[in-house]
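Working notes, structure below.
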């Protein structure tokens, strides 16, 4: 079952929630829920590396050689390789440990740093997956609220090059959680 996109406007920027495959997004950048090694992995990380081809991994290797592993909550940018998106922004979300180890702050940082990086590069559109809700086990309902509050706050704070943010959610349940969270965050 696929739902219709849900959309709101924040400070002139469109915020859309869709169910779909992030590797097929034509935004300026897609965000990869990466691990700190940046060497690809499972879930959305593996899918982005497979769809984008070896150019993404080559860029990631150069970044790691220069600065080491990517800390949780930080972000870096690479080519989009064979993807329609020109860039991939890699960010590391937190592993869920029950909520008492700064997970919400680290998750918010992953979204905020990704948006900052997109704005620094003059990008106008960014697509996000649901960061940390796969193998990192962050509860989707809580992650959706953190993600949407962070993005709405970022878009509402200042003028930026970013005019479109799309949350591309792989399954119906995740889409439903984000749609419900959006209703809560944007009243």
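Of note:
- Any chance residue 129 is at pLDDT 95 or above, within 23 Å of residue 55 (Cα to Cα) and under 15 Å from the mean Cα position of the chain (by Cα): yes
- Among the residues making up the range 12-48, those that are in a loop (DSSP other than H, G, I, E, B), over 15 Å from residue 91 (Cα atoms) and touching a residue at least 60 places away in the same chain (Cβ under 8 Å) are 12, 20, 21, 25, 27, 28.
- Qualifying residue in the range 64-72 (condition: over 16 Å from residue 134 (Cβ atoms), in contact with a helix residue (DSSP H, G or I) (Cβ under 9 Å, 6 or more places away or on another chain) and buried (at least 16 other Cβ atoms within 10 Å of the Cβ)): yes
- Conditions (1) closer than 21 Å to residue 46 by Cα; (2) in contact with a strand residue (DSSP E or B) (Cβ under 6 Å, 6 or more places away or on another chain); (3) modelled with pLDDT under 95: number failed by residue 91: (3)
- Criterion violated by residue 3 - all others in (1) at pLDDT below 95; (2) outside any loop (DSSP other than H, G, I, E, B) satisfied: (2)
- One residue from 44, 76 being closer than 14 Å to residue 114 by Cβ and modelled with pLDDT under 95: 44
- Any chance residue 166 is touching a residue at least 60 places away in the same chain (Cβ under 8 Å), buried (at least 20 other Cβ atoms within 10 Å of the Cβ) and closer than 21 Å to residue 27 by Cβ: yes
- Whenever a residue of the range 113-130 is free of Cβ contacts under 8 Å to residues at least 40 places away in the same chain, its partners that are in a loop (DSSP other than H, G, I, E, B), lying with C-beta atoms within less than 7 angstrom and at least six residues away or across chains, give the pairs 122/161.
The values are calculated or read from the model by the stated rules, or taken from the named source; none is laboratory data. Because the structure is predicted, anything quoted here is derived from the model rather than measured. Heads up, the Cβs are rebuilt from the backbone with ideal geometry, glycines too, and the neighbour counts pull from every protein chain shown.
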